[in-house]
Each structure stands twice: as structure tokens, then as C-alpha cells.
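Read the structure below first, then the notes.
The values are calculated or read from the model by the stated rules, or taken from the named source; none is laboratory data. Remember, it's a predicted structure, so these values are computed and weren't measured experimentally. No Cβ is skipped: glycine too gets one built from the backbone with ideal geometry, and neighbour counts run over all protein chains shown.
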Amino acid sequence: MQETDIIFAERSNSALQQKTVVFAREVRSHAMELLKCSWADRKSIDQFYRSGVSVGANVREAIYAESPKDFVHKLKIAEKELGEFFYWLGLLSSEPSIIGAQVGDNLCAQSQEIGKLLASSIITMKRKHSL
């Protein structure tokens, strides 16, 4: 592993990796707070957490892809996880006492930005390698 591959986003050269690490930290922070106050929605909160943090894990996995096709595949998985995150965010945000509007809007904006970077990276790699 390279020195830039350390877990801290500040040491990454990739804007996508930086943003997904910061995003995962935000999701984790909010999930931990939610788990303290909402036993009834524990399963939904768990899924919200898992899908949110897995986006960054899949982006990191793509960095070590075995081929351009594998790279695209791993980023597509990250996109799918982001789609699942939107589902859980929407579900939990439908009850303001669980996720308030400000938190929901912030997470939504961050995830949309990540979604755009993922889509751009996938398109670029497909064009570059004629996939």
C-alpha cells in the first residue's frame, strides 16, 4: 500500500476517495446518534449506515482493481450502494424526529456530489478503455 492510501481522507490524492471517507464519517456519526434514541428503527438505521459507509469501501476497492473492467464494476457497485443509501435516507427522513431536514439535506447533497463523481469516473474509464 502506498502512503497516500492511509485511512485519512486528507492523505488521499483522489477527490472521490476523499469525499467518500468524509461522507462515511458523517453517516457513521449520524447513525450512532440515531441508535441512541430510536430502538424501533434499529434495522433501518443499520441499513442506512451499512449502505452509506460501503460506498467508500467500494471506491477504495476499485483503486486496487485488477483491470479497467474490474475498476468500472467496483464503481458500479458503489453506485448501487449509494442508491440504496438514498432509499434508507428517504425512509428515515420521512419522520423528522429521526432525521431532521438539515441533516437529511446535508447528507443528500454530499451523496449527490459523490454520485456525480462516480458517474463521471465510470464514463471516463469506459471511454478510455472502450468498455
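Side notes on the structure shown:
- Scope region 100-124; condition farther than 16 Å from Phe23 by Cα and of a type in the set (A, V, I, L, M, F, W, C); matching residues: Ala101, Ala119, Ile122, Ile123
- Residues that are hydroxyl-bearing (Ser, Thr, Tyr), surrounded by 13 or more Cβ atoms within 10 Å (Cβ to Cβ) and either modelled with pLDDT under 95 or outside any helix (DSSP H, G or I) (or both) do occur in region 28-46.
- Of all the residues in region 116-131, those that are under 17 Å from Lys80 (Cβ atoms) and touching a residue at least 60 places away in the same chain (Cβ under 8 Å) number 3.
- Restricting Glu113, Glu66 to residues that are free of Cβ contacts under 8 Å to residues at least 60 places away in the same chain and of a type outside the set (A, V, I, L, M, F, W, C) narrows the list to Glu66.
- Only one of the listed residues (Glu95, Glu81) is touching a helix residue (DSSP H, G or I) at 6+ places or on another chain (Cβ under 7 Å), of a type in the set (Asp, Glu) and either surrounded by fewer than 20 Cβ atoms within 10 Å (Cβ to Cβ) or without any contact (Cβ under 8 Å) to a residue 40 or more places away in the chain (or both). That residue is Glu81.
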